[in-house]
Amino acid sequence: MRILTCSAAMACIAFTAPQIAQAQDQTIASNFKRDKNVSVRQRPRPDYEATGQKTGGFTVYPRVTVDVEHNDNIYAVATGKTDDTIWRVKPEVAIRSDWSRHALGFFAGANVIRYTDNDTENAEEYTLAGNGRIDIDRGSNVALSAQAQKLIEPRTSPTAPTASGEPVEYDLNQGSIVLTKEFNRLRVTGRVDDKDFNYKDVRNIAGTGVVDQDFRDRNEIYYGAKAEYAVSPDTAVYLSALGNKKDYDTNIVASDRSSDGYVVGVGANFDVSELVRGDVQVGYMKQSYDNPAFSKIDGFNAAGRVEWFPTQLTTIALNGSRTIEESTALGSQGYISNNIGASIDHELLRNVLVSAAYTHGKDNYKGVDRDDKRDNFSATATYLLNRRVGLFLTYNYLKQDSSGAQSGASFKDNKVIASVALQF
């Protein structure tokens, strides 16, 4: 169990500490345990993991990460690019219980962002979180979590307003409760998740007014269940259903995207032989909107990740998804996001790792003429000096092409990020 805190796009491969709480208890005899194969990212490295500070029945894991990034297009624009050097300082602390039964954990972190030449982009992010698990009996538990965050929307986000003179700040408060019960070959999971978004208005580029973001404020509730049947100790098939209700706070009818929806699917998770592990689901999704001007969005849904282990030192993964997402484009109720990607992690030495990843995405907007295509490539080198110090170097390339009568931003963005992480 580890906390994977990333100082860069993929800098969280191995310089880790134990997780604050395990979301789901899986006993040794469970038919749903999927740890026959261990990926490069998951492999324990005792000589490079934080020992933490013991305090009663808890262990405290302090950590701080410092990034320096050079970005050649900080505003994510097609022409008139502006480059800058960006500094980030990320202090954080995780607390995890050491009990034999049940679990309790807390996390607090910050991200202080400072631009060398463009101080209007300066920002701070904060996170406070807690989670726990109540073990009822063998194979049965209740997991609870709550999290409060102040976040900054990246300029490269497809929902970021192009007319803003500063990054959009928003608050995200969320909580969840998950009940799991295992009956030998059958496991049933029920869950409820609540998310509340509160976006802040920002000044426009000219500095003469504001870009309203209140129309994005909303509450989202998700509820559903999943039933898994273990056809063998290393393979299970399942049925899942997840409903949602999204309520927007706006009083402007044209901007009200309040809706109800669901995703139903069938899938399988597996960890077979010494080569392959994965979880793949296909199904149907539908979102219906309260505003009669917005038609429903429905269609094929998919989500999956498959890992291949050609050797113990190399992990290759394929992943993909097809989902319905919220839109900020005028006249559009939402869009279907299609994504497919691949990644590779290789352990050169016990403390030297290299990784690369590529994803391709396409967003098909409904209600307006707009399609976005994205290509994202990243590569990271990790050098773990000891259990207290880790060094990371990451390159990231992002290209977005937006087309149609109401197209969004098209741009290319290159980032080079050097990071040092200290943990205790």
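Just so it is clear, none of the values below were taken in a lab; they were calculated from the coordinates. None of these values were measured; they are calculated from a predicted model. Here the Cβ is made from the backbone with ideal geometry for all residues, glycine too, and neighbour counts use every protein chain on show.
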Could you give the length gained on full extension between Ala356 and Val237, defined as 0.36 nm per residue of separation minus the Cα-Cα distance, in nm? 39.8 nm
Rg [Å, one decimal], Dmax [Å, integer] - the stretch 338-387, C-alpha atoms: 17.0, 54
If packing is taken as the mean number of other Cβ atoms within 10 Å per residue, what is the order of 55-64, 390-399, highest first? 390-399, 55-64
Cα-centre dipole for the stretch 350-424 with unit charges at Cβ (Lys and Arg positive, Asp and Glu negative), debye to 20: 420
Using mean Cβ contacts within 10 Å as the protection proxy, how do 160-169, 225-234 order, highest first? 160-169, 225-234
Testing the spin-label approximation: label points 7 Å from Cα along Cα→Cβ at Trp87 and Lys36. State their distance in nm. 5.1
Where does each of 319-328, 348-357 land if you order them by average Cβ count within 10 Å, highest first? 319-328, 348-357
Please report, largest first and rounded to whole Å, the three semi-axes of the ellipsoid equivalent to the stretch 162-244, where each semi-axis is the square root of five times an eigenvalue of the C-alpha gyration tensor. 44, 13, 9
Placing unit charges on C-beta atoms (Lys and Arg positive, Asp and Glu negative, everything else neutral), compute the dipole magnitude of the chain about its Cα centre in debye, rounded to 20. 1380
Pick the calculated volume of the Cα convex hull per residue in Å³ for this structure from [x] 156; [y] 140; [z] 184? [y]
Running Debye on the stretch 292-414 with equal point scatterers at the Cα sites and no solvent, what base-10 log of I(q)/I(0) appears at q = 0.09, 0.15 Å⁻¹? -0.38, -0.82
The stretch 166-268 - percent relative contact order, Cα under 8 Å, separation 6 or more: 22
